[in-house]
Amino acid sequence: MKSITINGSQRESVGKKATKALRNAGQVPCVLYGGDEPVHFSAPELAFSKLVYTPNAHTVVIAMENGTSFNAIMQDIQFHPVSDRILHVDFYKLYEDKEIMMEIPVHIIGTSKGVLNGGVLQRNQRKLRIKAIPANLPDFIEVDITPLKIGSKMYITELENSDYKFLHPDNTVVCQVRRSRASIAEFEGEDEDELEEGAEGAEGAEATAEGAETPAEGQE
């Protein structure tokens, strides 16, 4: 998985006044968990643009001014309810031999047979939560929809991988191809025509049968 470097500065004070002063200076207060003690630091708000405003998943290298660095993932982020500015970010430290949980984006590839026949692709899950050691974290989870026909579903069990585990029930639908409204109307219209033709044929058969059973006037 690709990594983004964020340059941080150790925070000596973690009070409300100090936090407010950091935000006024364009800095974001952050906390790194997962070690012996939490590490409080701050980083420029612009440094988070490639990490936050993207559909892709990344790990993070937190490079401190004193020369130390930490491998981590973003665990939580808080935004201002009005301005949407980043208020606070929590990170979790990574260990090479320790599994972590992370949401990974789903990438669709291929062309569905059902879509070519007029169906509509519905993406039920745009991200999937997995558990793996850091070295096995994928950039994305690839889903080939080529074999999907109209009415077919792609279940998470079809995406099993030895490098990571999915943290979803086995009956989770990742995507499916549904019949479009236009094709439903066309399909129903065809059925009604067939039913009408069948009814007319039945009426004709009944009339023929009645004619055969009724003797001619001259034969009575």
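The values are calculated or read from the model by the stated rules, or taken from the named source; none is laboratory data. The shown structure was predicted, so the numbers you read here are calculated from the model rather than taken from an experiment. All Cβ positions, glycine included, derive from the backbone under ideal geometry; neighbour counts span all protein chains shown. Areas reflect the complete protein model, heavy atoms only, side chains present, ligands, DNA and RNA absent. Shrake-Rupley method; radii C 1.70, N 1.55, O 1.52, S 1.80 Å.
Over all alpha-carbon pairs in segment 1-100, figure out the percentage whose distance exceeds 15 Å.
Values: 3008 of 4950 pairs.
The proportion of pairs with Cα distances above 15 Å equals 61 percent.
Taking amide H positions as placed 1.01 Å from N in the peptide plane, with prolines and chain starts having none, which residues 5 or more places from residue 111, or on another chain, fall under 5 Å of its amide H?
Amide H neighbours of residue 111, under 5 Å, 5+ apart: 146.
Can you quote the Å³ per residue value for the convex hull of the Cα atoms in segment 69-133, rounded to an integer? It would help to have the intermediate numbers written out before the result.
Details: hull volume 10.3 nm³, N = 65.
Per-residue hull volume (Cα only) is 158 Å³.
Along segment 151-162, what does the Karplus equation 6.51 cos²θ - 1.76 cosθ + 1.60 (θ = phi - 60°) give for ³J(HN,Hα), rounded to whole Hz, x for Gly and Pro?
Computed from phi, the couplings for segment 151-162 are x, 7, 10, 9, 8, 5, 5, 7, 10, 4, 9, 6 Hz.
Take the Cβ-Cβ distance between residue 36 and residue 149 as r, set R0 to 41 Å, and report the resulting FRET efficiency rounded to the nearest 0.05.
Working: r = 55 Å, r/R0 = 1.33.
Between residue 36 and residue 149 the formula returns 0.15.
Between residue 18 and residue 61, what's the calculated FRET efficiency when r is the beta-carbon distance and R0 is 30 Å? Round to 0.05.
Details: r = 25 Å, r/R0 = 0.84.
Calculated transfer efficiency: 0.75.
Quantify, in whole percent, the carbon and sulfur part of the accessible surface of segment 16-70 (1.4 Å probe; protein heavy atoms only).
Answer for segment 16-70: carbon and sulfur cover 54 percent of the accessible area.
Using amide H atoms built in the peptide plane, which far-off residues or other-chain residues are under 5 Å from residue 150 H to H?
114
Once phi is turned into ³J(HN,Hα) by the Karplus curve 6.51 cos²θ - 1.76 cosθ + 1.60 with θ = phi - 60°, what whole-Hz value does each residue of segment 115-121 show in order, with x for glycine and proline?
Once rounded to whole Hz, the list reads 5, 4, 8, x, x, 10, 7.
Kirkwood Rh over Cα pairs of segment 13-168 into Stokes-Einstein at 37 °C, 0.692 mPa s: D in µm²/s?
Details: Rh = 18.2 Å.
Taking Rh from Cα pairs, D becomes 180 µm²/s.
Please label the shape of segment 112-162 as rounded, prolate or oblate, based on the square roots a ≥ b ≥ c of the eigenvalues of the alpha-carbon gyration tensor (a/c under 1.5 means rounded; beyond that, a/b larger than b/c means prolate, else oblate). Could the numbers behind the result be given before it?
Working: a/c = 2.93, a/b = 2.72, b/c = 1.08.
Verdict is prolate for segment 112-162.
Can you give me the orientation-averaged projected area of the convex hull built on the Cα atoms of segment 20-61, in nm²? Each step should come with its number before you reach the end.
Values: hull surface 14.7 nm².
Average projection, Cα convex hull of segment 20-61: 3.7 nm².
Once label points are set 7 Å from the Cα along Cα→Cβ at both residue 84 and residue 172, what is their separation, rounded to one decimal in nm?
Reported label-point gap for residue 84 and residue 172 is 2.7 nm.
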